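Right, one structure below, let's go through it.
The values are calculated or read from the model by the stated rules, or taken from the named source; none is laboratory data. A quick note: this is a predicted structure, and the numbers were derived from the prediction, not measured. Virtual Cβ from ideal backbone geometry, glycine too; neighbours counted across all protein chains shown. Ligands, DNA and RNA are stripped out before the accessible areas are found, and what is left, the full protein with its side chains, is counted by its heavy atoms. Shrake-Rupley method; radii C 1.70, N 1.55, O 1.52, S 1.80 Å.
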Amino acid sequence: MLTELSQLRDLLDKSHKPKRLVLAASEDAHSLNAVVNAANQNIIRPVLVGDKEKTFGMAEILNLDISKYEFVETASPKEAVQTAVKLVHDGQADVLMKGKVGTSDMLHSVLNKEYGLRIGKLLSHFAYFEIETYHKLIAVTDVALNIAPTLTEKIAILNNAVKVLNNLGIEMPKVAVLGAIEKVNTEMDATLDAALLSKMNQRDQILNCIVDGPLAFDNAVSFESAKHKEIKSDVAGDTDLLLMPDIEVGNVLYKSMVFFAKAKVAAIIVGAKVPIVLTSRSDSEQAKFDSILLAAVAADKQ
Ligand code: COD
């Protein structure tokens, strides 16, 4: 059972060769620190794309030696993202990482029809949390990409996340599909989708996981709460993955876990040609390092 994000290190393939990681808009202190740290541990081999003067100036202040890394100079963050995405598109890198550039600019390049990274699947965001008050790592999806997923999109988001968890050695992850309550309320769409997803799982239309829903957050993560409410569930209290109803709920949960509960987090976009490290600009250097580690493990299994 995974209880700490640092355990991801043990999941790199025994024959792991450092993954080629392209950092788009490299003039970002937390990203640079995390990238150099991961390179020093042979997890990745970086290619920096961005403003050369700013990046080297920042590296000097941070006392980081980036002189040995490949550097592609670009005139703006937007150009940096396009260049980085094209490098991945052309098969020259195994992982893409967002530096000092907006999420929307990054995603639009990634989704670009000519040079983007789509492989005919829905892309989705996967966040993995280490939180003191829970007995194992817990994944949350989708808190940053798909805004208001339809049932069809929720199936794809769920399958994307289950594939990541299966690749991390969790053979039958327990998936809680969240609602505000644990009973179906015909006025609450999230509870209807949750019930359908559970039934699809029972009928083998969604595989390699155990899905239950709707579950409210408390009974998804607490045995006590589930017992108190007399909920019979194979998932309640022991959830590996929380499936969000929409981006607002997901994003607020993500930020409250980090800011109020001091959770550690690793986050990537999955379903694209390669894993994409897409942490928020306010995320810590540790979060960026753990996300690189998660992306490297995912790239090993890609
Ligand atoms: N997976 C695969 N293809 C997609 C996806 C997806 N998740 N989303 C859109 N596409 C395809 C569309 O089908 C289309 O062919 C093409 O990509 C472009 O789509 P557009 O032009 O409709 O782009 P939008 O308007 O759908 O925008 C896509 C975004 C990912 C930018 C949008 O969903 C978005 O803004 N998401 C939220 C990002 C955000 O602000 N996150 C904040 C986190 S802190």
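When the criteria are applied in full, ILE155 meets the requirement of being over 15 Å from the mean Cα position of the chain (by Cα), under 13 Å from LEU243 (Cα atoms), more than 11 Å from the ligand (Cβ to nearest atom) and not acidic (Asp, Glu).
Does at least one position in region 94-116 carry a residue that is more than 16 Å from the ligand (Cβ to nearest atom), open to solvent by 10 Å² or more (accessible area, probe 1.4 Å) and over 22 Å from VAL297 (Cα atoms)? Scanning region 94-116, I find no residue that is more than 16 Å from the ligand (Cβ to nearest atom), open to solvent by 10 Å² or more (accessible area, probe 1.4 Å) and over 22 Å from VAL297 (Cα atoms), so the answer is no. Filtering region 272-292 for residues that are in contact (Cβ under 8 Å) with a residue 60 or more places away in the chain, of a type outside the set (Asp, Glu) and in contact with a Phe, Trp or Tyr (Cβ under 7 Å, 6 or more places away or on another chain) leaves an empty set. Residues in region 226-257 that are free of Cβ contacts under 8 Å to residues at least 40 places away in the same chain and open to solvent by less than 30 Å² (accessible area, probe 1.4 Å): ALA226, GLY237. Hey, can you tell me all the residues within region 40-93 that are crowded, with 23+ Cβ neighbours inside 10 Å, within 22 Å of LEU294 (Cβ to Cβ) and in contact with a Pro (Cβ under 8 Å, 6 or more places away or on another chain)? ILE43, ILE44, listed by residue number. In region 172-276, counting only helices (runs of 4 or more DSSP H) that sit wholly within it, the ones holding 3 or more residues that are within 22 Å of the chain's Cα centre (by Cα), within 16 Å of the ligand (Cβ to nearest atom) and among the β-branched types (Val, Ile, Thr) span 247-259. Only a single item in (1) among the hydrophobic types (A, V, I, L, M, F, W, C); (2) more than 16 Å from the ligand (Cβ to nearest atom); (3) assigned to a loop (DSSP other than H, G, I, E, B) is not met by ALA148, and it is number (2). Every listed requirement among (1) acidic (Asp, Glu); (2) in a helix (DSSP H, G or I); (3) open to solvent by 40 Å² or more (accessible area, probe 1.4 Å) is met by ASP290 save one, (3).
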